Amino acid sequence: MSEQGSGPSARRRLADERARAAARGRRRRALLVVLGAVAVAGAAVAAVVVLVSRNGGGGPAVGDYKGALAPAARQGDGSVAMAQPGVKAPVLDVWEDFQCPACKAMEARLGGTMKRLAAEGKVKVVYRPFQLFQQEPLMSNSRRAANAAACMPAGHWVKYHDRLYAEQPEEGRKGFAPQDLIAWAADLGVTDPSFAACVNGEQKMKTVDQASALAGRSGVDATPYLALNGRKVGDDVLGSPKELENAVARAAGSAPASGGARHGGARSGGTAAGAQ
C-alpha cells in the first residue's frame, strides 16, 4: 500500500480511537439515571463523598440507631414514608441509591437523626430509592437492591434499608445477589415465598424505573440528595446531624411541596420516554 493510500486511513483510525477514548471518558465521568432521566457529573458525587468524610463519615455504622421507629407506609409512587400518625410536615425526601458509597456514608452519619426526629413526630421522612448508575456492575447491583427494597413489606422496610447499606458491595464488584437479598430479609423475619418470587422475578423493576424518572423530573442532580419541604438542603446539612435537626426545625414553619424534591439549580437530562 502506498503512503498516499495509508495516510488518510491512519488519520481515520486515529480519529476513531480518539472518539472512543472520549466516549469512555464520558462514561467514567457520568452517573446517568436509567432511561436518561438525570445526568450527573462524577465530580459532584465526589465532592459529596469528600464532604461526608470530612465531617466524620468514618463514624457510626449504618444501623447503629437503637431507638424507636415511627411507622412506615408505602406511598402510591412506591416511596416509603416514615412518620408518626397525623404528621404531614415538614417532609424530608431522601433520594438514594443502595450502591452509592456517599449515600451509605450519609446514612451512617444522619440516618439515626432522621429516625429519631420521625419517632418524635418532628418530621415525615420519605425514602426514595432509585437507580443512579449506568455502568456495570454498579447498574445491575443498584437495580437488584432497589427492586428488593420495593418488594419488602413496609413494616420491615426501614431495617431492610439499613441492611442493604451494611452489605453494600465494593465499587467494581458484583453484589446484591438474589439469594443474599432473600437471606437478609429472612433475618428480619420476612420468609413469605412471595418476597423471594418478587426478588428472583424482578417484579418491581417498573417501580424502580418510575422512581428513577421521578428523580429526573424532581431535579435530583447528585447523591446523596436530601430535600426539606421540596427544596434541596445544603452541604452543611448533609455533613452534620445538628445542622439537619436545625434545618428540620426551621422547615416546620413552611408548607411541604408535593411530588418530591424541587430545586431551581438542579441539572436534569429530561424525563424518561413514556413516563407518566
*What list do you get for C100, C198 if you sort them by fewest beta carbons within 10 Å?*
C198, C100
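I want the antiparallel fraction of DSSP beta bridges within the stretch 72-264, as a percent rounded to 5. Walk me through the intermediate numbers first.
On the way: 12 of 18 bridges.
Counting DSSP beta bridges with both partners in the stretch 72-264, the antiparallel share is about 65 percent.
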*Over the stretch 72-264, what is the relative contact order in whole percent, taking alpha-carbon pairs under 8 Å and six or more residues apart?*
30
*Using Cα centres only, tell me the gap between the stretch 58-94 and the stretch 153-207 in whole Å.*
18
*Give the shape of the stretch 49-195 as rounded, prolate or oblate, defined through the alpha-carbon gyration tensor: a ≥ b ≥ c are the square roots of its eigenvalues, a/c under 1.5 means rounded, and otherwise the shape is prolate if a/b is larger than b/c and oblate if not.*
oblate
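Could you tell me which of the pairs K66/K122; K66/K232; K66/K242; K88/K232; K124/K159 are separated by over 24 angstrom between their Cα atoms in the structure shown? It would help to have the intermediate numbers written out before the result.
Working: K66/K122 18 Å; K66/K232 28 Å; K66/K242 18 Å; K88/K232 18 Å; K124/K159 17 Å.
Listed pairs above 24 Å: K66/K232.
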*aspartates and glutamates whose Cα lies under 14 Å from that of K204, excluding same-chain neighbours fewer than 8 positions away*: D77
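The numbers here are math on the coordinates, done by the rules we state, and not lab data. Model, not experiment: these values are computed from the prediction. No Cβ is skipped: glycine too gets one built from the backbone with ideal geometry, and neighbour counts run over all protein chains shown.
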